[in-house]
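First comes the structure, then the notes that go with it.
The values are calculated or read from the model by the stated rules, or taken from the named source; none is laboratory data. Note that this is a predicted model, so its numbers are computed, not measured. Cβ sites come from the backbone with ideal geometry, for glycine too, and all protein chains shown count toward neighbours.
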Amino acid sequence: MYTSIMYFNNLNIINIIKELNNDIKELSINSNNIYSKALIKYYKILELFENDKIKFPIFQIDNNYYISENYIKLINMQTNCIIKINNIINKILPNLIQINNIIYNNTKEYNNLDIKIIFQNNEILKIINLKEFNFNDNIFIKLINSKNFEEDVIKYCGAFNYNQIEYYRYIFKYFLFSINEYNFNLNSINDNIINIIKKNEQLEKENRENRELIDNLTKKIEKIQLILDDYEYI
């Protein structure tokens, strides 16, 4: 998976965040329906960064590791800041673009992906197995859980495997990895989904009732207006 260190470029995360904030300011000034949608996306991109690093959240279910489908869509957006970090992301997920195309175009291959649905922070998420992205790196996972990165990177790679050591140093310099162990309880997920559906149905019912009430009031007002109009001619 790792690439020779000679091909690595430095990435200025602080400048990327500054550019992103400038773009947000510009979009805010020119805010309209088109720009407001872009503004929401830019705010989401800004949330990718923390402590001058790129957040990379991973979900662990049993012995498998997953990544949010929304995250994949976000890190594949064709914006200036994303394009700058995309090169380094592709070093972690080699066929990221291919999987992203499958997701966006909803091709027949989409149903063959190892996808699970989870409920996280009051949100229903689709998560995709990292193996679908040719991510089969046990050293990576060990280093994410490491309490002493510099010591462990040499331990897991071998003291003389310089290219591999520098690869992991490079990646961890720019990314803030986190593994969230998720208890995949399908019944709990279904219960939450059912509750959300019921709430939506209740809201729709209330909206219908409100619309009917308004319609009835409007009709009554129209009748009263007709009576008043007739009265004027008496």
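Any residue in the range 75-100 that is farther than 19 Å from Tyr174 by Cα sitting within a Cβ distance under 6 Å of a residue that is among the charged types (D, E, K, R)? List the pairs, counting only those 6 or more apart or interchain. Close Cβ pairs (under 6 Å, with a partner that is among the charged types (D, E, K, R)) amount to Ile99/Glu132. Taken together, Glu181, Glu123, Glu151 contain a single residue that is within 21 Å of Glu50 (Cα to Cα) and either of a type in the set (D, E, K, R) or free of Cβ contacts under 8 Å to residues at least 12 places away in the same chain (or both), which is Glu181. Can you spot a residue in the range 128-142 that is in contact (Cβ under 8 Å) with a residue 40 or more places away in the chain, buried (at least 19 other Cβ atoms within 10 Å of the Cβ), in the same structural domain as Leu74 (by TED's automatic domain parsing) and not in a helix (DSSP H, G or I)? Checked against the condition, which is being in contact (Cβ under 8 Å) with a residue 40 or more places away in the chain, buried (at least 19 other Cβ atoms within 10 Å of the Cβ), in the same structural domain as Leu74 (by TED's automatic domain parsing) and not in a helix (DSSP H, G or I), the range 128-142 yields at least one hit.
Just to be sure, is Ile179 modelled with pLDDT of 90 or more, within 18 Å of the chain's Cα centre (by Cα) and outside any helix (DSSP H, G or I)?
Working: modelled with pLDDT of 90 or more: yes; within 18 Å of the chain's Cα centre (by Cα): yes; outside any helix (DSSP H, G or I): yes.
In short, yes.
Condition check: surrounded by 13 or more Cβ atoms within 10 Å (Cβ to Cβ), within 16 Å of the chain's Cα centre (by Cα), under 16 Å from Lys173 (Cα atoms) and touching a residue at least 60 places away in the same chain (Cβ under 8 Å). Does Phe49 satisfy that? It is false that Phe49 is surrounded by 13 or more Cβ atoms within 10 Å (Cβ to Cβ), within 16 Å of the chain's Cα centre (by Cα), under 16 Å from Lys173 (Cα atoms) and touching a residue at least 60 places away in the same chain (Cβ under 8 Å).
Out of (1) free of Cβ contacts under 8 Å to residues at least 60 places away in the same chain; (2) under 23 Å from Asn145 (Cα atoms); (3) over 18 Å from the mean Cα position of the chain (by Cα), the odd one out for Lys108 is which? (2) is the only condition that Lys108 fails.
Residues that are within 15 Å of Ile83 (Cβ to Cβ) and among the β-branched types (Val, Ile, Thr) within the range 18-57 comprise Ile45, Ile54, listed in sequence order. Inside the range 92-108, residues that are part of a helix (DSSP H, G or I) and at pLDDT 85 or above make up a count of 9. Which numbered condition in (1) more than 25 Å from Ile13 (Cβ to Cβ); (2) surrounded by fewer than 16 Cβ atoms within 10 Å (Cβ to Cβ) is the only one that Ile102 fails? Of the numbered conditions (1) more than 25 Å from Ile13 (Cβ to Cβ); (2) surrounded by fewer than 16 Cβ atoms within 10 Å (Cβ to Cβ), the odd one out for Ile102 is (2). Here is the figure for the range 138-165: residues that are farther than 20 Å from Asn64 by Cα and touching a strand residue (DSSP E or B) at 6+ places or on another chain (Cβ under 7 Å) total 0. Filtered by the rule that a residue be under 23 Å from Pro94 (Cα atoms) and either among the charged types (D, E, K, R) or not assigned by TED's automatic domain parsing to the domain that holds Tyr174 (or both), the range 107-127 gives Lys108, Glu109, Asp114, Lys116, Lys126.
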